[in-house]
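Report on the following structure.
Just so you know, all these numbers are worked out from the coordinates, no wet-lab data involved. All figures in this text were calculated on a predicted structure; none of them were measured in a lab. No Cβ is skipped: glycine too gets one built from the backbone with ideal geometry, and neighbour counts run over all protein chains shown.
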Amino acid sequence: MNKKKYILLSLLLFGLAVSCKKENRETQSKVSSHVMTKEQQDKLTGEAVLKDFMEGNKRFQDEIVNVRDHTKHIGKLVTGQFPKAMVVSCSDNRVSVDDIFDQGLGDIFEGRVAGNFVDEDVLGSIEFACVVAGARLVVVMGHQHCEAVKAAIDNVRFGNITATLYRLRPAVNISLSFSGMKNSKNNEFIKLVSENNVRIALNDIRTKSPILKEMEDNGKIKIVGTLYNPAHGTLEFVK
Ligand SMILES: [Zn+2]
């Protein structure tokens, strides 16, 4: 190869390398700078958000979640919020809602309380999320191995926890027809109580909030119940 050809080839390879680096940066930037806008939210349906969330949960299970630079998101969210969904979940530190659905800042309006029950305050938060902030999906997410459910089964009484656990008594009571051991050592019984607790929350949303019921009936929102399994990162639907 003569000197002229060598210089030309070197320049070509250098240009290619710069181009690839730039493309990589742009790809990364595209992923990391995304936040929900009003225009994007307007196009969403509850069904589409549910599909998006289930795909996110699959990525979470497969350990291929999207890369996000939350520092870049902060300034973009200061003028408004356009969440995709409202998620009611337990306060449990093993239940990280954004991670479970592989969503970023601004995507999920959350209501978290030990035992994921729906009282007046949580109901008000759901109405705010759907009516004011425009969320299209409501997810009530209980979880397996829930300490609050176990404590309710054991009828624990301690400080303000007594009042919190009292909210879970109906779920324990309607599970007493269970044929196996009905105590907090039996994971099958704990799971049944947790599922029934989600069912009660779904019923409370539909019967105690005519606003949300009407939105669901008119197809403006979708409401679903799920049970998260911290052992595998999986979700089961609860109906
Ligand atoms: Zn819990």
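Which of Thr164, Thr79, Thr71 ends up with the largest GNM mean-square fluctuation for the chain, with Cα atoms connected below 10 Å?
Thr79
Return the long-range amide H neighbours of Ile221 (sequence gap of 5 or more, or a different chain), with a cut-off of under 5 Å between placed amide H atoms.
Close amide H contacts, sequence-distant or interchain: Glu216.
Roughly how many whole Å is it from the C-alpha centroid of region 39-58 to that of region 59-117?
First find each Cα centre; the distance between them is then 13 Å.
When the helix-only estimate is applied to the chain (DSSP H runs of n ≥ 4, each -39,500 (n - 2.57), divided by the residue count), what is the mean residue ellipticity at 222 nm, nearest 500 deg cm²/dmol?
-14500 deg cm²/dmol
Rg and Dmax of region 35-102 over Cα atoms: what are they, in angstrom?
13.1, 34
Over the chain, what lengths in whole Å, largest first, do the semi-axes of the equivalent ellipsoid take, defined as the square roots of 5 times the eigenvalues of the alpha-carbon gyration tensor? Could you put the intermediate results ahead of the total?
Numbers: eigenvalues 403, 96, 42 Å².
Taking √(5λ) for each eigenvalue gives 45, 22, 14 Å, largest first.
With +1 on the Cβ of every Lys and Arg and -1 on the Cβ of every Asp and Glu, and nothing else charged, how large is the dipole of the chain about its Cα centre, in debye rounded to the nearest 20?
900
Convert each backbone phi in region 223-230 into a coupling constant with the Karplus relation 6.51 cos²θ - 1.76 cosθ + 1.60 (shift: θ = phi - 60°), then list the ³J(HN,Hα) values in order as whole Hz, x for Gly and Pro.
With coefficients 6.51, -1.76 and 1.60, one gets 10, 9, x, 9, 10, 8, 10, x Hz.
So what does the Cα-only Debye profile of region 119-239 read at q = 0.18, 0.22, 0.23 Å⁻¹, as log10 I(q)/I(0), no solvent term?
-0.98, -1.23, -1.28
In debye to the nearest 20, how big a dipole does region 120-222 give about its Cα centre with +1 on each Lys and Arg Cβ and -1 on each Asp and Glu Cβ?
Computed about the Cα centre, the dipole is about 220 debye.
Would you work out if region 192-231 is rounded, prolate or oblate? Take a ≥ b ≥ c from the square roots of the eigenvalues of the alpha-carbon gyration tensor; rounded if a/c is under 1.5, else prolate when a/b is larger than b/c, oblate otherwise. Write down the numbers at each step before the final one.
Values: a/c = 4.39, a/b = 1.92, b/c = 2.29.
It is oblate, given that a/c is not under 1.5 and a/b is not larger than b/c.
Apply the Karplus curve 6.51 cos²θ - 1.76 cosθ + 1.60, θ = phi - 60°, to the phi angles in region 155-160 and return the couplings in whole Hz, x for Gly and Pro.
Rounded to whole hertz, the list is 6, 5, 10, 6, x, 6.
For the cross-link pairs Lys51/Lys185; Lys38/Lys72; Lys84/Lys185; Lys84/Lys213; Lys38/Lys191, which exceed 29 Å when the distance is taken from alpha carbon to alpha carbon? All intermediate terms of the calculation are to be shown ahead of the outcome.
Values: Lys51/Lys185 35 Å; Lys38/Lys72 19 Å; Lys84/Lys185 37 Å; Lys84/Lys213 18 Å; Lys38/Lys191 38 Å.
Pairs exceeding the cut-off: Lys51/Lys185; Lys84/Lys185; Lys38/Lys191.
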